[in-house]
Every structure is written in structure tokens, then in C-alpha cells.
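The values are calculated or read from the model by the stated rules, or taken from the named source; none is laboratory data. Keep in mind that what you see is a predicted model, and the values were worked out from it rather than measured. All Cβ positions, glycine included, derive from the backbone under ideal geometry; neighbour counts span all protein chains shown.
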Amino acid sequence: MTFRFNPRKATEVASLLIQMEGGRLNVMKLVKLVYLVDRLSIAKRGIPVVGGVYYSMRNGPVTSELLDLINAGKLADESDSSWQQFIQDREGCTVSSVPGSEITCTCTSEAEKRLIQEIYREHGSKDQWALRDWCHQNCAEWTPLQNGREQIEIEQIAASVGKSPSEVEHISENAAESNLLTSFFSRRPPTEYA
């Protein structure tokens, strides 16, 4: 089970982290920091900030949709284009803020901003390789792989951050309910017949 990915929140979180880094950030470091924000949020609140489908890959855990945004600027079936508005196209191994743009956080709460700041305080001084190594050593839900990817379920993350079996079950139920509500309210109204 996963919580649905929120592209606007992903843009806000990434923009804040890029700003903290001085306007330019290594892609692998960004992906790891966003994953760790979600992981910390699951530990403290039982829900992620950004959500999405998580995978174990050779260089550690990743959020699949975030990588898609970084690589393409937009998700295939998504109308939200805030990533393109605030974050420049990937240049090699880095992404940068769009010059002169400053994102207004309309979806990210003050509590979530504090989680982002906490992760950056702990890990911001690390480069992408040190951060990868930290994730390898400290994210028990990550599976070492030489090639390919393996999905990390929200229940695995919750258990790894110390949630009890009943808390893990509750988080899984919340993810299912959240996804159902999101899909219900995101449906377009039916067209009227002439």
C-alpha cells in the first residue's frame, strides 16, 4: 500500500530543499532528502509528506514519481505543472530553482516545513555519496540491489521506524482510505447530455 503522490507538495518540498542548498542541488541528494522527509513524517505523524511509490535501488531508497518529475518536469497523466514553474530542467546531476521564482507553500503545512528543516539540519552537510551510505546503513526497509528495483511498502517503512504492528496496520488502512477519497474527489463531473 502507498499514499498517493502529491506533485504540488513534491515541488514545494524540493524547492525548499534547493533553496536551503543555495539554489542548486544534486539530484541523488535531493531524492534521498525527500525520501527521508517522508520517512521522518511516517515516524512522527503516521503519514508521509509527499507520498508515492518507494523503491529500493542500488543507491538507496527513492520515490518513483519524484524521479519522473526530475527527469521529465511533469507526470504523464497529471495536470499540475508547478515543477516546471519553479524548478529548472535537470542539468546532468543537478537541479536548480527557476531564477526569480520563489514558491509559495500552499500545500505544505508549518509542521511539514519543520520536518524538512529537521532533515536538512541532520543531513544537509552530507554530499550525495555520504547520504547514500547513511541510507544504506540506517534505512532497514531498503534492500541492497546491484540492478533493478524492488518496491518498498509503506508498512515496511512504518515497521522500520519503530511503529507497532497495530500502528502499521492503522497506517496501511489510512493509506487505503486516503487513496479512495482522493480518487473520488479528483473525478471530473459527468458531462451533460444535450
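For this structure, a couple of remarks:
- Qualifying positions in the stretch 1-44 - under 22 Å from Ala72 (Cβ atoms) and either of a type in the set (Val, Ile, Thr) or touching a His at 6+ places or on another chain (Cβ under 8 Å) (or both): Thr2, Thr11, Val13, Ile18, Val27, Val31, Lys32, Leu33, Val34, Val37
- Residues of the stretch 150-166 that are among the charged types (D, E, K, R) and either within 13 Å of Met1 (Cβ to Cβ) or buried (at least 16 other Cβ atoms within 10 Å of the Cβ) (or both): Glu153, Glu155, Lys163.
- Residues of the stretch 83-104 classified as at pLDDT 85 or above and surrounded by 14 or more Cβ atoms within 10 Å (Cβ to Cβ), total: 7
- Single condition Ser97 does not satisfy, out of (1) touching a helix residue (DSSP H, G or I) at 6+ places or on another chain (Cβ under 6 Å); (2) more than 22 Å from Asn26 (Cα to Cα): (2)
- Hits in the stretch 54-75 - residues which are farther than 21 Å from Ser96 by Cβ, modelled with pLDDT under 95 and within 9 Å of the chain's Cα centre (by Cα): Ser64
- Residues being more than 20 Å from Lys9 (Cα to Cα) and either touching an Asp or Glu at 6+ places or on another chain (Cβ under 7 Å) or surrounded by 15 or more Cβ atoms within 10 Å (Cβ to Cβ) (or both) - total across the stretch 105-123: 1
- Only one of the listed residues (Gln151, Gln146) is under 17 Å from the mean Cα position of the chain (by Cα) and either modelled with pLDDT of 95 or more or not hydrophobic (A, V, I, L, M, F, W, C) (or both). That residue is Gln151.
- Any hit, the stretch 171-184, residues being modelled with pLDDT of 95 or more, of a type in the set (A, V, I, L, M, F, W, C) and either closer than 17 Å to Thr11 by Cβ or surrounded by 15 or more Cβ atoms within 10 Å (Cβ to Cβ) (or both): no
- Being within 16 Å of Ser64 (Cβ to Cβ) and not aliphatic (A, V, I, L, M) is true of Gln156.
- Every residue from the stretch 79-100 that is among the small types (Gly, Ala, Ser) and free of Cβ contacts under 8 Å to residues at least 60 places away in the same chain: Ser79, Ser81, Gly92, Gly100
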